[in-house]
Structure formats: structure tokens, C-alpha cells
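Read through the structure below, which is laid out as C-alpha cells, and then see the notes.
The values are calculated or read from the model by the stated rules, or taken from the named source; none is laboratory data. No experiment lies behind these values; they were computed from the predicted model shown. FYI the Cβ positions are ideal-geometry reconstructions off the backbone, even for glycines, and counts take in every protein chain you see. Ligands, DNA and RNA are stripped out before the accessible areas are found, and what is left, the full protein with its side chains, is counted by its heavy atoms. Shrake-Rupley method; radii C 1.70, N 1.55, O 1.52, S 1.80 Å.
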Amino acid sequence: MDLDGIDPQRLPRHVACVMDGNGRWATKRGLPRTEGHRAGEEALLDAAKGAVELGLEWFTVFAFSTENWRRPHQEVRFLLSVIADDLLTRRRDELHELGVRIRFAGRRDWRVPGWILRRMDETAALTRHNKAMTLTVAFNYGGRAEIVDAARALVAEGVKASQVDERSLRKHFYLPEMPDPDLFIRTSGEYRISNFLLWEIAYSELVFMDVLWPDFRREHLRDAVREYQQRERRFGLTRGQRDHDGLPS
Ligand code: IPE
Ligand code: IPE
Ligand code: MG
């Protein structure tokens, strides 16, 4: 493995990725957009393996947003089948063998077919004791929806206004124990967040890459990690304070 230039002591603990550009990849080849989603699933497997090789603890990918339901019906159906049949059936054993714990983040609302929820639950149960890495698949996920859902849960608990703080709100996120991403990657040359992990990326390092997601391979992940290691994180402090406090760099 070419770890050239990557410092194993300063790896990001959590990498989050917006897998974008499947449609354009297919259109460029004169194929239907759905072929891009199929190829994107291959890319995800390679990226996940690369993340395990690197020794990342957490890898989180944006698979389907709360806004993606508004795409043409056929495309939505195809995306659901790629996630359910390929990722949750064909690939999950491979990922399980690699010691990957697979989990899901997102709204479990009426729009998600029951059979998909069941497969997600089975996958999460099968892999729950795995220790090599946690792969979180954000499905029917929206950063705004997550914050709204957490606020609703607090209200439902009857929490007093004076007790609402960052910690109490965060406890109600979809995966409260997941650390904030250190590195946030978006592919396809777009410079936006598109409603992914809005709260959690407050201090993440953002890396935007031109590669279209179906062409993404573990080498691209390593390039992003190299770029991350060039950055200086300060968390609102001065450089001297940061060194003194031993914050992650
Ligand atoms: C990302 O690729 C996959 C999903 C959003 C589910 P796109 O389908 O958004 O591809 P582009 O951005 O149109 O090329
Ligand atoms: C973000 O990509 C969602 C996923 C990758 C699942 P989109 O393609 O939906 O985002 P926009 O429309 O370019 O902002
Ligand atoms: Mg897109």
C-alpha cells in the first residue's frame, strides 16, 4: 500500500464523504444515469476497503438524501435497489469479513419501504460486534432533519429550555456516539454540503475533489488524507494554545 507521505500518527479518526457525480459519469459515457449508481456502488466498496487499510475508525458516506426522493421515480427505485440488493446483500458479507461494523443514519419515516428497513436492521445486527471500522451509510438523511428530529425528541422528553444545550441536543442525533468528522470529502467538483452532517462538520477540514464518484478509488481517499495532513486545525484558538491543549491536528 502506498502510504507515502501519510503520517499514521495523524490520521483523521472520522472521514465523511458525499459520493457525488454518478449521473454525470454515466451521461459522459452515453449510459443511463442508473449505470452511474451501479458503478458508484463498486467505488464505495473500494473506498471502504481503503479506509480499513488506512486504519480509519469511522467512515461515513452519503448514499441518499431527504431531498433525493424528488428525483424521477425510476431513478429512486433503482437507487433503493442498489442499496438494498448490492450493498446490503451482496457486499455486506464481504464487509463483515473485513470486520466492518455497518450502521445507518437517517429518518426512518413512511417513505422508506419496510423491507429496506428490515435489511438495514439485519445488516446492523450481523455486523454490530465488528471492530475494524464503523461504516455509516447515511440514507434518507438530511442534516436539517437530524437537528429537527433531535429538537422534537427533547421537547417530547419535557426538557426545560434552560437545559437545552449542545450536549443535550447532540444526544438525540441519529448516532450520538459518532465523533464529528475530522475530514469531509465531496467529489464531482461541486463546492457544497448539500445538507450532509451540518452540525457535525462545524470544525471539519473540507476537501473538494474533481473525480466523479464512480471513478473514486482508495488512492483518492489517500490523496484526501494527505491534503488533510497539510492543514492546521485551530478550533477557534491560537496556534500556541492549540499545541498546549493537545487538540487533534
Ligand atoms: C450521487 O450522484 C448519488 C446520489 C445523489 C444518490 P448523482 O446522482 O447526484 O450524480 P450527479 O451529481 O447528477 O452527476
Ligand atoms: C448529495 O448529492 C446527496 C448524495 C450524494 C446522496 P446531490 O447530488 O443530491 O446534491 P446536489 O443536488 O448536487 O446539491
Ligand atoms: Mg449529484
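Eigen-decomposition of the gyration tensor built on the alpha-carbon atoms of region 18-230 gives equivalent ellipsoid semi-axes of 27, 20, 19 angstrom, largest listed first.
Annotation: peptides 88-100, 193-205, 68-80, ranked by per-residue average of other Cβ atoms within 10 Å with the highest first, follow the order 193-205, 88-100, 68-80. The fraction of accessible area contributed by carbon and sulfur in region 64-171 is 52 percent, rounded to a whole number (1.4 Å probe; ligands and nucleic acids excluded).
With springs connecting C-alpha atoms under 10 Å apart, model the chain as a Gaussian network and identify which of 191, 174, 228 has the largest mean-square fluctuation. Taking springs between Cα atoms under 10 Å, the residue moving most is 191.
GNM remark for the chain: springs join alpha carbons under 10 Å apart, and the peak mean-square fluctuation among 115, 58, 25 falls on 115. The count of lysine pairs in region 18-230 whose Cα atoms are under 30 Å apart, excluding pairs fewer than 8 places apart on the same chain, comes to 5. Take the chain with all the other protein chains still there, run a 1.4 Å probe, and you get 51 Å² of accessible area per residue.
Computed on region 56-115, the Cα convex hull volume stands at 97 Å³ per residue.
Treating each Cα of region 137-249 as an identical point scatterer and summing with the Debye formula, the log10 of I(q)/I(0) at q = 0.13, 0.22 Å⁻¹ comes to -0.66, -1.23. Taking a quarter of the surface of the Cα convex hull of region 127-202 gives a mean projected area of 6.8 nm². Averaging the sequence gap over all C-alpha pairs within less than 8 Å and six or more residues apart, then dividing by the number of residues, gives the chain a relative contact order of 29 percent.
Only helical runs count toward this figure. For the chain, summing -39,500 (n - 2.57) over DSSP H runs of n ≥ 4 and dividing by all residues gives -12000 deg cm²/dmol at 222 nm.
Largest GNM mean-square fluctuation among 39, 125, 156, using the chain with Cα springs under 10 Å: 156.
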